[in-house]
Amino acid sequence: MNPAEATWSENTEVAPGAAFEVFFRENYPRVERFLWSLCPDRHLVDDAVQEAFIVAYAKWDVVSRHQRPLIWVRKVARNKLWHLQAQNGRHREAPLDDIVPDRLTEPADPYEARQTILYLLRRLPRRQREVLALEMDGSTDAEIALELDITENTVRTYKAEARRRFQELAADADYQEAARRRR
C-alpha cells in the first residue's frame, strides 16, 4: 500500500466513528511529524494538528470519501499551522532552534541525526521545506504535487533547490568538514 494512503480504508465496513478512530490513531503521528518538520514550536504544531483532526471529524462523511484522506488532513493541518504562525508571529520569542550554532557536530545517534536534519530543514524556504518534509514521510513526487497543488516538475525543482541549499547550510555550519575528517 502506498505510504500516503491510510490503512483505515481496509476497515470501511465499520461504523463511521470507529473508522475515524482507526484513521486518527494511524495518522495523527504522521501529521504531527510532518508539521514538526516545518515548525519548531511544539505548541503551534499541537494546536494545528488537533484543529485539523477536529475539522476532519466534523466533516468525516465527506473526508472519508476522499481517495487519500491523509492528504486532505495534512493540507488542513499545514494551513492551520501557517495561520497560527502568522497570528503568533508578532508575540513570539525565538526558540532555541533558531539560534545558529558555530558548527554542527556529527550526530552520535539517530535522534541527534534527526534533530540535525530538522535544524537544517527549518532554515529552507517554506515551499522547499514542505516538499522535503513530505518526501521524508515517504510521499512520491506525484503525491507531493497533488498535496501542494503544484506540478511534478515544480516538485523536482523544489527538491533540487532544497538539496543545494541544504548543502550550503551544512557547509556554513562547518558540517562538511566533520564529514570529510570521518573518511
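Restricting the stretch 162-183 to residues that are assigned to a helix (DSSP H, G or I) and acidic (Asp, Glu), which is modelled with the highest pLDDT? Filtering the stretch 162-183 for residues that are assigned to a helix (DSSP H, G or I) and acidic (Asp, Glu), the one modelled with the highest pLDDT comes out as Glu168. Lys159 meets the conditions (1) open to solvent by less than 70 Å² (accessible area, probe 1.4 Å); (2) at pLDDT below 80 in every case but one. The failed one is (2). Counting only residues that are of a type in the set (D, E, K, R) and under 17 Å from Leu148 (Cα atoms), the stretch 106-137 holds 6 of them. Taking each residue of the stretch 73-97 that is at pLDDT 90 or above and small (Gly, Ala, Ser) and looking for partners that are part of a helix (DSSP H, G or I) and open to solvent by 30 Å² or more (accessible area, probe 1.4 Å) with beta-carbon atoms closer than 8 Å, six or more apart or interchain, yields Ala77/Glu51.
For Ile150, the conditions (1) at pLDDT 90 or above; (2) in a helix (DSSP H, G or I) are fulfilled apart from (2). Within the stretch 122-145, the set of residues being assigned to a helix (DSSP H, G or I), buried (at least 17 other Cβ atoms within 10 Å of the Cβ) and within 10 Å of the chain's Cα centre (by Cα) comprises Arg129, Glu130, Val131, Leu132, Ala133, Leu134, Glu135. Do we have Ala77 as exposed (fewer than 15 other Cβ atoms within 10 Å of the Cβ) and either aliphatic (A, V, I, L, M) or part of a helix (DSSP H, G or I) (or both) here? The answer is no for Ala77. Tyr28 meets all of the listed conditions (1) part of a helix (DSSP H, G or I); (2) open to solvent by less than 60 Å² (accessible area, probe 1.4 Å); (3) at pLDDT below 95 but one, namely (3).
The values are calculated or read from the model by the stated rules, or taken from the named source; none is laboratory data. Just so you know, these numbers come straight off a predicted model, no measurement behind them. Please note: Cβ atoms are built from the backbone with ideal geometry, for glycine as well, and neighbour counts cover all protein chains shown. Just the protein is used for accessible areas: all its heavy atoms, side chains included, with ligands, DNA and RNA removed. Shrake-Rupley method; radii C 1.70, N 1.55, O 1.52, S 1.80 Å.
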